[in-house]
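Working notes, structure below.
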Amino acid sequence: MIDLTKAEREFKNYINNYDLKDPHIERKVIHSYKVVDVSEAIAKSLNLSDEDIHLAKLIALLHDIGRFEQLKIYGTYRDNDSIDHADFGIKILFEDGLIRDFIEDNKYDSIIYESIKNHNKYRIEEGCRDKELLHCKIIRDADKTDIFRVHFDDITKKENVLTNYEKIKKQKVGTKVLNAFKEFRLINFNELQSDLDWYLKDIAFIFDYNFPKGVEIVKEKGYINTMLEPIEDEKLKKQLDFIRSSLNRYFEKN
Ligand SMILES: [Fe+2]
């Protein structure tokens with residue numbers, strides 16, 4: 001049985017070990033809860049059983065558990081300057097054994113393990129079985145959808161803590177990033193050459209959705225247009241037009 005109330009209580013206990021007044025920590029806490037909501041919406045849109053809906057929500061709650069310790073130890077959320085935060089989360093849950101605080105029953109362990117491990121990877125590893133694959137896909141869609149929301153809030157609420165828009169709009173889009181937009185695919189970390197590239201990487205998330213629900217939310221909220229607005233600049237115009245037309249072609253096709 002999955003007791004979400006207990007899991008949420010334990011999650012609160014866990015994050016109390018960190019400085020909740022730190023806006024970077026706070027952002028990840030909010031993100032975790034928001035991803036729970038999106039995962040629930042996706043699971044319901046797929047007409048899944050209550051058991052699978054609860055499991056999707058539990059995975060969402062725990063998917064970024066590695067983030068808190070990552071920031072504490074390394075002072076950054078950039079995985080390639082520190083540690084893969086999904087692998088780190090898996091270590092905390094399954095090597096250190098924290099998972100049993102959140103769910104007593106171990107029958108979902110392999111699904112939780114694979115879903116968290118794969119949530120941030122370029123693609124889902126080979127060899128996942130049916131239920132593992134289903135939940136990997138749900139968390140990947142839900143996470144991406146809320147990352148769009150995080151950018152959207154940063155821009156519309158004028159928080160401006162996530163991205164230095166003035167700085168990145170003076171940069172150029174890397175060739176590899178433009179290629180990814182042309183090819184309708186995700187962008188690899190090793191293809192990123194500037195902070196602007198890092199920012200655009202998150203827009204390319206749109207190419208990796210598994211189910212319609214998340215895309216629906218992204219479109220309905222206008223996340224992508226909002227993300228492109230603050231980097232509008234004469235020098236970048238050609239490149240941004242190229243990205244926009246790629247996105248339009250992608251939406252027409254899909
Ligand atoms: Fe994550």
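The values are calculated or read from the model by the stated rules, or taken from the named source; none is laboratory data. Since we're looking at a predicted model, the values are computed, not measured. Cβ: placed from backbone, ideal geometry, glycine included. Neighbour counts: every protein chain shown.
Structure values in brief
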| item | result |
| --- | --- |
| Residue count, the stretch 22-76 (criterion: within 12 Å of the ligand (Cβ to nearest atom) and under 17 Å from Lys91 (Cβ atoms)) | 9 |
| Pairs with Cβ under 7 Å, 6+ apart, first in the stretch 77-100 and assigned by TED's automatic domain parsing to the domain that holds Gly66 and in a loop (DSSP other than H, G, I, E, B), second of a type in the set (D, E, K, R) and within 12 Å of the ligand (Cβ to nearest atom) | Tyr77/Arg67 |
| Test result for Glu159, closer than 22 Å to Thr226 by Cβ and not in a helix (DSSP H, G or I) | yes |
| Verdict on Lys72 being touching a Phe, Trp or Tyr at 6+ places or on another chain (Cβ under 7 Å) and outside the structural domain of Pro212 (by TED's automatic domain parsing) | yes |
| From the options Ile73, Ile53, Ile59, residue that is more than 20 Å from the chain's Cα centre (by Cα) and outside any loop (DSSP other than H, G, I, E, B) | Ile73 |
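Conditions tested, residue by residue: (1) surrounded by 20 or more Cβ atoms within 10 Å (Cβ to Cβ); (2) in contact with a strand residue (DSSP E or B) (Cβ under 6 Å, 6 or more places away or on another chain); (3) among the acidic types (Asp, Glu); (4) in the same structural domain as Met1 (by TED's automatic domain parsing).
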{"site": "Lys107", "(1), (2), (3), (4)": "no, no, no, yes"}
{"site": "Asp130", "(1), (2), (3), (4)": "no, no, yes, yes"}
{"site": "Cys136", "(1), (2), (3), (4)": "yes, no, no, yes"}
{"site": "Lys170", "(1), (2), (3), (4)": "no, no, no, no"}
{"site": "Asn179", "(1), (2), (3), (4)": "no, no, no, no"}
{"site": "Phe184", "(1), (2), (3), (4)": "no, no, no, no"}
{"site": "Gln193", "(1), (2), (3), (4)": "no, no, no, no"}
{"site": "Pro212", "(1), (2), (3), (4)": "no, no, no, no"}
{"site": "Glu216", "(1), (2), (3), (4)": "no, no, yes, no"}
